[in-house]
Amino acid sequence: MSQSEGARLFRESWIAGVRRHFPGEPKPGYVTPWNDTPQWERESAGAVYAQVRQFIEVSGGRTSKLSREQKSRFVATCWTAQMYRHFEDPKPGYVADWADLPSWQQETDADVFEAIEEALS
């Protein structure tokens, strides 16, 4: 899978996770379709996809043994780095520590990791 296809997988998995875990109606930006997603967000999705893919590969596919929390933390940390890459002074919510993220976001990040795992198997 190319990085651009991986970026799209990331975004589609994110949207599915938000729809599954978000309490109530999510903000429109959380579920913006790929074609309407800003360029910085597409690039970030591709970068995080590549990081997760490489992590899975260098782990010999053994990431299936990680907990959902560990998977979610990895995605969240990679995403935070992208926020610092794209924004000089990102909003605090964009760079919050994993423990400070709402549970719906923690669960969605785990779903994203698992979707990438599944696509690589």
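Counting just the residues of region 15-40 that are touching a residue at least 40 places away in the same chain (Cβ under 8 Å) and touching an Asp or Glu at 6+ places or on another chain (Cβ under 8 Å), which one comes out surrounded by the fewest Cβ atoms within 10 Å (Cβ to Cβ)?
Initially, region 15-40 is screened for residues touching a residue at least 40 places away in the same chain (Cβ under 8 Å), giving 16-18, 20-23, 40.
With the extra rule that they be touching an Asp or Glu at 6+ places or on another chain (Cβ under 8 Å), the set shrinks to 16-17, 20-21.
Details: 16: 15, 17: 21, 20: 11, 21: 18.
Residue satisfying both the conditions and the ranking: 20.
Within region 58-76, work out how many residues are in contact with a helix residue (DSSP H, G or I) (Cβ under 7 Å, 6 or more places away or on another chain) and either of a type outside the set (Lys, Arg) or loosely packed, with under 12 Cβ neighbours inside 10 Å (or both). Let's see the steps before the verdict.
The initial filter retains those residues of region 58-76 that are in contact with a helix residue (DSSP H, G or I) (Cβ under 7 Å, 6 or more places away or on another chain), namely 63-64, 68, 71-76.
Filter once more, keeping what is either of a type outside the set (Lys, Arg) or loosely packed, with under 12 Cβ neighbours inside 10 Å (or both): 63-64, 72, 74-76.
Final tally of qualifying residues: 6.
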Tally of residues being surrounded by 15 or more Cβ atoms within 10 Å (Cβ to Cβ) and of a type in the set (Asp, Glu) across region 41-57
2
Between 81, 76, 115, which is in contact (Cβ under 8 Å) with a residue 60 or more places away in the chain and under 23 Å from residue 3 (Cα atoms)?
115
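Only the coordinates and a few stated rules stand behind these numbers; no lab work does. The structure presented is a predicted model; accordingly, all values stated were derived computationally and were not measured. When we count neighbours, we look across all protein chains shown, and the Cβ atoms used for this are built from the backbone with ideal geometry, even at glycine.
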